[in-house]
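Engineer: Can you read through this structure? Questions will come right after.
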């Protein structure tokens with residue numbers, strides 16, 4: 001696939017705002033493993049090769065294992081993820097696929113049992129932010 005356009009060059013002010021949001025998330029206290037699982041899983045769902053490539057490398061650099069990355073598409077079928085990670089992955093899928101059912105009451109209740117309201121807010125922002133990046137990269141055909 002051929003790249004279409006460079007949004008960073010064409011709309012630098014808007015692009016920089018998204019960068020600032022991503023920077024906020026990175027410095028917000030969301031655990032790196034949580035952040036990278038969110039980024040990889042959302043990017044898998046959205047078919048964003050650029051982001052999958054970037055964030056699997058980042059996850060490995062932050063101590064994630066190959067096996068957990070390889071099994072991420074099947075996270076419900078394996079016992080490789082903590083209860084907190086499983087809720088985060090469920091939230092990631094439900095928010096990324098928001099038109100299907102949105103963040104369900106069941107998943108939100110599970111999140112409330114494991115996380116503070118502040119951490120839940122940051123998880124939602126992290127999921128929303130990677131979805132913005134996925135949509136920019138897929139639509140503009142950002143090259144790996």
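Engineer: Quick one: count up the residues across region 62-100 that are under 21 Å from residue 132 (Cβ atoms), surrounded by fewer than 17 Cβ atoms within 10 Å (Cβ to Cβ) and in contact with a helix residue (DSSP H, G or I) (Cβ under 8 Å, 6 or more places away or on another chain).
Structural biologist: 2
Engineer: Moving on. Within region 1-22, which residues are in contact (Cβ under 8 Å) with a residue 12 or more places away in the chain, in a helix (DSSP H, G or I) and more than 11 Å from residue 136 (Cβ to Cβ)?
Structural biologist: Once the filter is applied, which keeps residues that are in contact (Cβ under 8 Å) with a residue 12 or more places away in the chain, in a helix (DSSP H, G or I) and more than 11 Å from residue 136 (Cβ to Cβ), region 1-22 yields 21, 22.
Engineer: Could you give me the residue pairs with C-beta distances under 9 Å whose first residue belongs to region 46-57 and is touching a residue at least 24 places away in the same chain (Cβ under 8 Å), whose second residue is surrounded by fewer than 18 Cβ atoms within 10 Å (Cβ to Cβ) and assigned to a helix (DSSP H, G or I) wherever it lies, and which are 6+ apart or on separate chains?
Structural biologist: From region 46-57, the pairs are 46/135; 46/138; 47/138; 48/135; 48/138; 49/138; 50/138; 51/138.
Engineer: Please specify each residue of region 101-117 satisfying the condition of being surrounded by fewer than 16 Cβ atoms within 10 Å (Cβ to Cβ) and either in a loop (DSSP other than H, G, I, E, B) or in contact (Cβ under 8 Å) with a residue 60 or more places away in the chain (or both).
Structural biologist: Of everything in region 101-117, those that are surrounded by fewer than 16 Cβ atoms within 10 Å (Cβ to Cβ) and either in a loop (DSSP other than H, G, I, E, B) or in contact (Cβ under 8 Å) with a residue 60 or more places away in the chain (or both) turn out to be 101, 102, 104, 116.
Each reported figure results from applying straightforward, stated rules to the coordinates on display, with no laboratory input. Treat the numbers as computed from the prediction; the structure is a model and nothing was measured. Quick reminder, even Gly has a Cβ in these numbers, built from the backbone with ideal geometry, and neighbours come from all protein chains shown.
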